[in-house]
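S.K.: Handing you a structure now.
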Amino acid sequence: MSDYPDVPESILKVIRAVCSRLPETVEERAWTGVRWRVRTRTFAHVLVVEPGRPASYADAAGLAEPATVLTFRSEAPELDVLLRSGPPFFATPWGQDTVGMLVDDADEDELSELLTDSYCLLAPRKLAESVDRPGT
C-alpha cells in the first residue's frame, strides 16, 4: 500500500471515462496513483505529488504545494508545443516523449484529446486505427 495521497475521485472519474472507451485498456494501481495500459505499455499515469515527493515529479513540475499530475505520451510537433507552453505542462526527466501535466483544473476535452493521442502512440496499429480521435 502506498503512503502517498490518493488521487481525487473527481479527477479519476474524468480520466477513467476517457480511458475506458479505448480498446484493451487496463486500469491498475501503480506504485503511487493509478495508471492505464494498453497491453504492457503505460499510456497514462495520474498521481498526487507533494513538494519533494516523489522527488523526480516534484522537481520536474517545480511544485511548492501538493498537486495532481498526469503523465502521458506525445510526439512532435505537439510534444514540442506542449513542452514550450509552460504550465500546466512540464518536461519529465525520463522518456523523451513523456509529458507531465498539472490536472487539478484541467479541461475535460483537452484531457480526452491528450489521453487518446497517448494511447494511439503506444497501442498496436490495429487498435489505434479503431479509435475515434478527438480534435481530428
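S.K.: Output the qualifying pairs, or none if there are none: Cβ atoms under 7 angstrom, residues six or more apart or on different chains, first residue in region 75-91 and under 25 Å from Ala64 (Cα atoms), second residue polar (S, T, N, Q) and surrounded by 15 or more Cβ atoms within 10 Å (Cβ to Cβ).
M.R.: Leu82/Ser74
S.K.: Quick one: in region 96-136, of everything that is out of contact with any Leu (no Cβ under 8 Å at 6 or more places or on another chain) and polar (S, T, N, Q), which residue is modelled with the lowest pLDDT?
M.R.: That would be Thr136.
S.K.: Follow-up question, since we're still on this one. Taking region 1-42 as the search range and keeping residues that are in a loop (DSSP other than H, G, I, E, B) and of a type in the set (Ser, Thr, Tyr), which one is modelled with the lowest pLDDT? Full working, then the answer.
M.R.: Initial filter on region 1-42 (in a loop (DSSP other than H, G, I, E, B)): 1-8, 20-24, 30-33, 39-40.
Checking which are of a type in the set (Ser, Thr, Tyr) leaves us with 2, 4, 20, 32, 40.
Working: Ser2: 61, Tyr4: 81, Ser20: 95, Thr32: 91, Thr40: 93.
So, considering only residues that are in a loop (DSSP other than H, G, I, E, B) and of a type in the set (Ser, Thr, Tyr), the one modelled with the lowest pLDDT is Ser2.
S.K.: OK, next. Out of all the residues in region 26-37, is one or more touching a residue at least 12 places away in the same chain (Cβ under 8 Å), touching a Pro at 6+ places or on another chain (Cβ under 7 Å) and closer than 21 Å to Gln96 by Cβ?
M.R.: No, region 26-37 contains no residue that is touching a residue at least 12 places away in the same chain (Cβ under 8 Å), touching a Pro at 6+ places or on another chain (Cβ under 7 Å) and closer than 21 Å to Gln96 by Cβ.
S.K.: Before we move on, is Val46 surrounded by 12 or more Cβ atoms within 10 Å (Cβ to Cβ) and in contact (Cβ under 8 Å) with a residue 40 or more places away in the chain? Give the steps one after another, and end with the answer.
M.R.: Values: surrounded by 12 or more Cβ atoms within 10 Å (Cβ to Cβ): yes; in contact (Cβ under 8 Å) with a residue 40 or more places away in the chain: yes.
Yes, satisfied.
S.K.: Suppose the filter is touching a strand residue (DSSP E or B) at 6+ places or on another chain (Cβ under 6 Å), of a type in the set (Gly, Ala, Ser), under 16 Å from Val103 (Cα atoms) and in contact (Cβ under 8 Å) with a residue 60 or more places away in the chain; does Ala60 pass it? Walk me through it before giving the result.
M.R.: Values: touching a strand residue (DSSP E or B) at 6+ places or on another chain (Cβ under 6 Å): yes; of a type in the set (Gly, Ala, Ser): yes; under 16 Å from Val103 (Cα atoms): yes; in contact (Cβ under 8 Å) with a residue 60 or more places away in the chain: no.
In short, no.
S.K.: Inside region 57-105, can you point out the residues that are touching a Pro at 6+ places or on another chain (Cβ under 7 Å), small (Gly, Ala, Ser) and either surrounded by fewer than 18 Cβ atoms within 10 Å (Cβ to Cβ) or part of a loop (DSSP other than H, G, I, E, B) (or both)?
M.R.: Scanning region 57-105 gives a single hit, Ala64.
S.K.: Which count do you get for residues in region 47-86 that are of a type in the set (Gly, Ala, Ser), farther than 13 Å from Pro5 by Cβ and touching a helix residue (DSSP H, G or I) at 6+ places or on another chain (Cβ under 8 Å)?
M.R.: Going through region 47-86 one residue at a time, the tally reaches 2.
S.K.: Separate question: Pairs please, first residue from region 5-21 and touching a residue at least 24 places away in the same chain (Cβ under 8 Å) and under 13 Å from Leu111 (Cα atoms), second anywhere and of a type in the set (Phe, Trp, Tyr) and outside any loop (DSSP other than H, G, I, E, B), Cβ atoms under 6 Å, 6+ apart in sequence or on different chains.
M.R.: From region 5-21, the pairs are Cys19/Trp36.
S.K.: I'd like the full set of residues that are within 22 Å of Tyr57 (Cα to Cα) and of a type in the set (A, V, I, L, M, F, W, C), limited to region 1-38.
M.R.: Passing the criteria: Met1, Val7, Ile11, Leu12, Val14, Ile15, Ala30, Trp31, Val34, Trp36.
The values are calculated or read from the model by the stated rules, or taken from the named source; none is laboratory data. Because the structure is predicted, anything quoted here is derived from the model rather than measured. We place every Cβ from the backbone using ideal geometry, glycine too, and count neighbours over all the protein chains shown.
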